[in-house]
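The values are calculated or read from the model by the stated rules, or taken from the named source; none is laboratory data. All values derive from a computational prediction rather than experimental measurement. Using ideal geometry, Cβ is built from the backbone for each residue, glycine included, and neighbour counts are taken over all protein chains shown. Areas reflect the complete protein model, heavy atoms only, side chains present, ligands, DNA and RNA absent. Shrake-Rupley method; radii C 1.70, N 1.55, O 1.52, S 1.80 Å.
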Amino acid sequence: MSDAATMPAPAQAPAGRTPLLSIRGVKTYYGNIIALKGVDLDVHEGEIVTMIGANGAGKSTLMMTIFGNPRCREGTITYAGRDITHMPTHEIAHLGIAQSPEGRRIFPRMTVFENLQMGAAIRNFAHFDEDLERVCTMFPRLKERLNQRGGTLSGGEQQMLAIARALMSRPRLLLLDEPSLGLAPLVVKQIFNVIRELNEREGMTVFLVEQNAYHALKLAHRGYVMVTGTITLQGTGKELLENPQVRAAYLEGGAH
Amino acid sequence: MEVFVQQLINGLTLGSIYGLIAIGYTMVFGIIGMINFAHGDVFMLSAFIALMLFLFVTAWLGIGSIAIALIIVMIGAMLLTSLWGWTLERMAYRPLRGSFRLAPLISAIGVSIFLSNFVQVSQGARNKPIPPMVRDVIVLFERDGYAVALSYKQIIIMLTTAVLLAIFWYVVQKTPLGRAQRACEQDRRMAALVGIDVDRTISLTFVMGASLAAVAGTMYLLYYGVVSFADGFVPGVKAFTAAVLGGIGSLPGAVLGGLIIGLVETLWSAYFSIEYKDVAAFSLLAIVLIFMPSGILGRPEVEKV
Ligand SMILES: Nc1ncnc2c1ncn2[C@@H]1O[C@H](COP(=O)(O)OP(=O)(O)OP(=O)(O)O)[C@@H](O)[C@H]1O
Ligand SMILES: [Mg+2]
């Protein structure tokens, strides 16, 4: 997989600009077990970047490492020109990064409305009503259920809420960990449309992890492939979709 | 009948005090899963702070009005005790966060011993009285020579408790701080991801618990007129029992538990033997826990997430 000869030339990311998010040589451990073995990755302003990889490759670990929880043992993470490698997690959130994490992590004993309020916490509720209206338009399902407790929502509704909560802070960089997990195909389509629109209309930068490689690579400008804690391939979405190894490992039977 | 009504009044008064202390146990448990064994001693300390403030306000400042003096004393005690609560969390508990589970518990026992010894050494081992005050009573009704009385003190204690609980409830349910506390309680990691400073929120939880304990301390002093360095233990254990009885982690549960323990204690004393009133309270806890393992208003462990 990591054979250099078959690796496409690194996609020409928007030249001449420093990336919005830049990850260099990041190593993360759980106890003595290494989960990320030195990851290099860039996300430029205005891009949709995706990362695909098998179960246990370390994708979610990377998402959480960006927020310093767990914290990487080596390497640096730079966001908007600032070194955030050692910054406390909540301060990183205040820089305008939001995450819809693996497992959704809805606050179970808070209502949908309160969960959305939590998402807006860093903005001190400026334009709260406006943002609420916006996410309710994107996910009308949530609007009907504003007073329902998060823990009692269906899996798909929780997924929508997790994304909506992340959007409530109007992030400059949105991290999505498997946004399509557990959703009906129609809803997956809807969510991917939302992501595309946010990116095209508002210029929101998106970094998403997906099992749904076909959809993700079609949506993304660029993509990375992670295998057991290492980036093995990278390229434009189109390049990766056409790459025989990617096709064999992640798209077989999956290309609908 | 007369005795019953009288004990009901006494029980609710005592229960108010237990409830105020119990909230401190339940909130801290909710947010960091630790029993703060030192909380009873924080309560005792607050009663001493209230005592000193009271002497200061009446003797030095010469404030004659009891009502104004009490308000100043209570607010002052809340502020100073909060500062203690904040400091103890910073020094004794925060450094141990992320350490093994028993560590903060042991530290809390240490803090408890420290506080009671500190007060014993600095204030002496004897009971400290305040001059008697607010001695008026309202006789509700009288029959066969037995008068059912409601004292002004009891009215003050129940009203103050009710008002503070209402304010406190509003803070927890409706303000960003309360929401942050509940978020940390439900998923600390996610709370940090949405930008909540978890450490600060935990500190503020200790501060809120300590300030309610200070209200209880002030009311205790007003009610009994004396306080000693050892007075943290029994009310502390009773309030802890109340918190567990009501369902640890549940705020209404803490208040309900406090009232129940207060009532059981006073009614038992009146009808059975006063020596066994604590046995009655703890037996009730045991019985309730057999049938409702997570307390009266506690939520069961399993939850669909
Ligand atoms: N808290 C933890 N303690 C110990 N090991 C962990 C922990 N979290 C993850 N791991 C291990 O780290 C590795 C990477 O896990 P991670 O969750 O990042 O994978 P992933 O790529 O997101 O997988 P999936 O597609 O299944 O979500 C796995 O081997 C996992 O077992
Ligand atoms: Mg994952």
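Scan region B:181-197 for residues that are within 11 Å of B:ILE31 (Cα to Cα) and more than 7 Å from chain A (Cβ to nearest Cβ) and report the count.
4
Can you tell which of A:VAL39, A:VAL49 is more than 15 Å from ligand 1 (Cβ to nearest atom) and either assigned to a strand (DSSP E or B) or open to solvent by 10 Å² or more (accessible area, probe 1.4 Å) (or both)? Break it down into steps so the answer makes sense when it comes.
Working: A:VAL39 fails: more than 15 Å from ligand 1 (Cβ to nearest atom).
Only one candidate qualifies: A:VAL49.
Among (1) away from ligand 2 (no atom under 16 Å from the Cβ); (2) more than 14 Å from chain B (Cβ to nearest Cβ); (3) open to solvent by less than 10 Å² (accessible area, probe 1.4 Å), which single condition is A:GLU210 missing?
Answer for A:GLU210: the failing condition is (1).
So, in region B:132-152, of the ones that are within 19 Å of B:PHE54 (Cβ to Cβ) and open to solvent by less than 40 Å² (accessible area, probe 1.4 Å), which residue ends up modelled with the highest pLDDT? Spell out how you get there, then give the answer.
First pass over region B:132-152, keeping only residues within 19 Å of B:PHE54 (Cβ to Cβ): B:132-136, B:151-152.
Add one more test, that the residue is open to solvent by less than 40 Å² (accessible area, probe 1.4 Å), and what stays is B:133-134, B:151.
Values: B:MET133: 78, B:VAL134: 75, B:SER151: 89.
In this case the residue turns out to be B:SER151.
Can you tell me which residue within region A:171-207, out of those that are touching a residue at least 60 places away in the same chain (Cβ under 8 Å) and within 14 Å of another protein chain (Cβ to nearest Cβ), is nearest to ligand 1 (Cβ to nearest atom)?
A:ASP177
Check off (1) in a helix (DSSP H, G or I); (2) touching a helix residue (DSSP H, G or I) at 6+ places or on another chain (Cβ under 6 Å); (3) open to solvent by 20 Å² or more (accessible area, probe 1.4 Å); (4) modelled with pLDDT of 90 or more for B:PHE37 and give me the number that stays unchecked.
(1)
For B:ILE49, which of the numbered conditions (1) on the phi > 0 side of the Ramachandran plot; (2) under 17 Å from the mean Cα position of the chain (by Cα) fails to hold?
(1)
For B:LEU297, which of the numbered conditions (1) in a helix (DSSP H, G or I); (2) under 30 Å from B:ARG182 (Cα atoms) fails to hold?
For B:LEU297, the failing item is (1).
Quick one: is B:ALA270 away from chain A (no Cβ under 14 Å) and surrounded by fewer than 24 Cβ atoms within 10 Å (Cβ to Cβ)? Quick ask: steps written out before the conclusion?
Values: away from chain A (no Cβ under 14 Å): yes; surrounded by fewer than 24 Cβ atoms within 10 Å (Cβ to Cβ): yes.
Yes: the conditions hold for B:ALA270.
Inspect region A:64-72 for any residue being closer than 20 Å to B:GLY178 by Cβ, within 12 Å of another protein chain (Cβ to nearest Cβ) and either in a loop (DSSP other than H, G, I, E, B) or open to solvent by 10 Å² or more (accessible area, probe 1.4 Å) (or both) and give the result as yes or no. Give the steps one after another, and end with the answer.
So the first thing to find is which residues in region A:64-72 are closer than 20 Å to B:GLY178 by Cβ, and the list is none.
Looking through region A:64-72, none of the residues is closer than 20 Å to B:GLY178 by Cβ, within 12 Å of another protein chain (Cβ to nearest Cβ) and either in a loop (DSSP other than H, G, I, E, B) or open to solvent by 10 Å² or more (accessible area, probe 1.4 Å) (or both).
Answer yes or no as to whether B:THR201 is within 14 Å of another protein chain (Cβ to nearest Cβ), open to solvent by less than 10 Å² (accessible area, probe 1.4 Å), in contact (Cβ under 8 Å) with a residue 40 or more places away in the chain and not in a loop (DSSP other than H, G, I, E, B). Break it down stepwise before answering.
Values: within 14 Å of another protein chain (Cβ to nearest Cβ): yes; open to solvent by less than 10 Å² (accessible area, probe 1.4 Å): yes; in contact (Cβ under 8 Å) with a residue 40 or more places away in the chain: yes; not in a loop (DSSP other than H, G, I, E, B): yes.
It is true that B:THR201 is within 14 Å of another protein chain (Cβ to nearest Cβ), open to solvent by less than 10 Å² (accessible area, probe 1.4 Å), in contact (Cβ under 8 Å) with a residue 40 or more places away in the chain and not in a loop (DSSP other than H, G, I, E, B).
Do you know which residues across region A:100-150 are among the aliphatic types (A, V, I, L, M) and more than 10 Å from chain B (Cβ to nearest Cβ)?
So in region A:100-150, the residues among the aliphatic types (A, V, I, L, M) come out as A:106, A:110, A:112, A:116, A:118, A:120-122, A:126, A:132, A:135, A:138, A:142, A:146.
Passing the criteria: A:VAL112, A:LEU116, A:ALA126, A:LEU132, A:VAL135, A:MET138, A:LEU142, A:LEU146.
For region B:104-111, indicate whether the set of residues that are open to solvent by 50 Å² or more (accessible area, probe 1.4 Å) and under 30 Å from B:ALA147 (Cβ atoms) is non-empty.
Of all residues in region B:104-111, those open to solvent by 50 Å² or more (accessible area, probe 1.4 Å) come to B:106, B:109.
If we keep only those that are under 30 Å from B:ALA147 (Cβ atoms) as well, we get none.
No, every residue in region B:104-111 fails to be open to solvent by 50 Å² or more (accessible area, probe 1.4 Å) and under 30 Å from B:ALA147 (Cβ atoms).
With the condition kept exactly as written, say whether any residue in region A:135-157 is within 16 Å of ligand 1 (Cβ to nearest atom), within 26 Å of A:GLY53 (Cβ to Cβ), touching a helix residue (DSSP H, G or I) at 6+ places or on another chain (Cβ under 8 Å) and open to solvent by 10 Å² or more (accessible area, probe 1.4 Å).
We begin by selecting, within region A:135-157, every residue within 16 Å of ligand 1 (Cβ to nearest atom); these are A:155.
Next, from what is left, pick out any that are within 26 Å of A:GLY53 (Cβ to Cβ): A:155.
Within this subset, residues satisfying the condition of being touching a helix residue (DSSP H, G or I) at 6+ places or on another chain (Cβ under 8 Å) are none.
For region A:135-157, residues within 16 Å of ligand 1 (Cβ to nearest atom), within 26 Å of A:GLY53 (Cβ to Cβ), touching a helix residue (DSSP H, G or I) at 6+ places or on another chain (Cβ under 8 Å) and open to solvent by 10 Å² or more (accessible area, probe 1.4 Å): absent.
Taking region A:70-125 as the region of interest, how many residues are of a type in the set (Lys, Arg) and within 16 Å of ligand 2 (Cβ to nearest atom)?
The first filter runs over region A:70-125 and keeps only residues of a type in the set (Lys, Arg), leaving A:71, A:73, A:82, A:104-105, A:109, A:123.
Of the ones still in play, those that are also within 16 Å of ligand 2 (Cβ to nearest atom) are A:104-105.
So the count comes out to 2.
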